[in-house]
Amino acid sequence: MIEFRNVWFKYDEEGDFILRNINLTIKRGEVISILGDNGSGKTTLIKHMNGLLKPTKGDVYVDGENTRDKPISELSRKVAIVFQYPEKMFFSPSVEEELKATLKNFGLEGEELNNRLEEILEEFRLVDLRDRTPFSLSGGEQRRLSIAIALSWDPDYVILDEPTTGLDGYSRRDLTKTIEKVLAKNKTVVIVTHDLEYLFEFAPRVILLSRGAIVFQGSFKELLENEDVIMRNGLESPKISMLMKVVRRDGGGCGMRYSELLSVIIERLGCSEDV
């Protein structure tokens, strides 16, 4: 597991603390979401998980090993971070060359490299894109490629920083399928986001940050039941959650026929009957 013990962090001695007394345990095989408004410390927190940053005070452990004692290159084999803008990861002329470069960096060569390459292309549905430049891909395809790169060396923990940024509905569904594949391998997935709507797909355990401190830990369901916590921390309640409250308030729900409930959904969400 990944464990934070009394972690404080600031970028320079004169500055303010960006993380404040973080105590957190992330277990193998779970899906967890780190939430918070801009400036809450989310990205700073995840950079501690693979040693990109070291605590000013306190300690971070990955599978029992203190990140202070391990180089980033070694920690990155266990903890992969896919940052918000995947195109910043790319530098090769094709999807295939992008994946090959990563595999070579981790010591694969010859037949072993080629076999692993074909596995990744097939698993992440990149076969038909192998000769395309990464910069010509759609947002969803770029996200899929970035996750494939992160998974190519088989890490135990995969951290996705704002993965839904700029994605349309189709690409969001594509992202969900990719994450489900990762979870099926008993790997830990950490989703950093402020998009509560998307989290309905996974109902994860939730960690909510505000000004560098944890202000809420619990299930996704428990968070949705604490609307004041959501509003105080710059988040927006999902539409479906708000709709359920309206239906319950108006006496609907189980006693309503499907057509009646559908009419309420159409009215409350302001969409057309074609939807």
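Okay, here's what the table says:
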| read-out | value |
| --- | --- |
| Bridge type composition, the chain - antiparallel percent by DSSP, nearest 5 | 50 percent |
| In degrees, nearest ten, helix 239-249 long axis to first principal axis of the chain (Cα) | 30 degrees |
| Net charge dipole size for the chain [Lys, Arg +1 and Asp, Glu -1 on Cβ; Debye, nearest 20] | 720 debye |
| Contour minus Cα-Cα distance for Leu52 and Met231 (0.36 nm per residue) | 61.3 nm |
| Among the listed pairs Lys54/Lys78; Lys78/Lys100; Lys27/Lys221; Lys104/Lys177; Lys42/Lys70; Lys54/Lys100, those beyond 24 Å (Cα-Cα) | Lys104/Lys177; Lys54/Lys100 |
| Fraction of the pair-distance distribution of the chain above 32 Å, Cα-Cα pairs, percent | 32 percent |
| FRET efficiency estimate (nearest 0.05) - Cβ-Cβ, Asn23 to Arg125, R0 35 angstrom | 0.35 |
| Helix 95-105 axis, angle to the chain major axis (alpha carbon atoms, nearest 10°) | 60 degrees |
| Ordering of 224-231, 142-149 by burial proxy (mean other Cβ atoms within 10 Å per residue, highest first) | 142-149, 224-231 |
| Förster-model FRET efficiency, 41 Å R0, Glu222 and Glu111, C-beta, rounded to 0.05 | 0.25 |
| Rg ratio (alpha-carbon, reference 2.2 N^0.38 Å) - region 175-236 | 1.19 |
| Gaussian network model of the chain, Cα within-10 Å springs - most flexible of Ile34, Ile207, Ile120 | Ile120 |
| Positive-pole candidate from Phe91, Ile149, Gly218, dipole of the chain, charges at beta carbon | Gly218 |
| Computed label-point distance, nm, for sites Ala213 and Thr133 using a 7 Å Cα→Cβ extension | 4.9 nm |
| Long-range HN-HN contacts of Gly218 with modeled amide H, under 5 Å | Val206 |
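Where a number appears in this text, it was derived from the coordinates with a stated rule and is not lab data. None of the values given here were measured: they were computed from a predicted structure. Please note: Cβ atoms are built from the backbone with ideal geometry, for glycine as well, and neighbour counts cover all protein chains shown.
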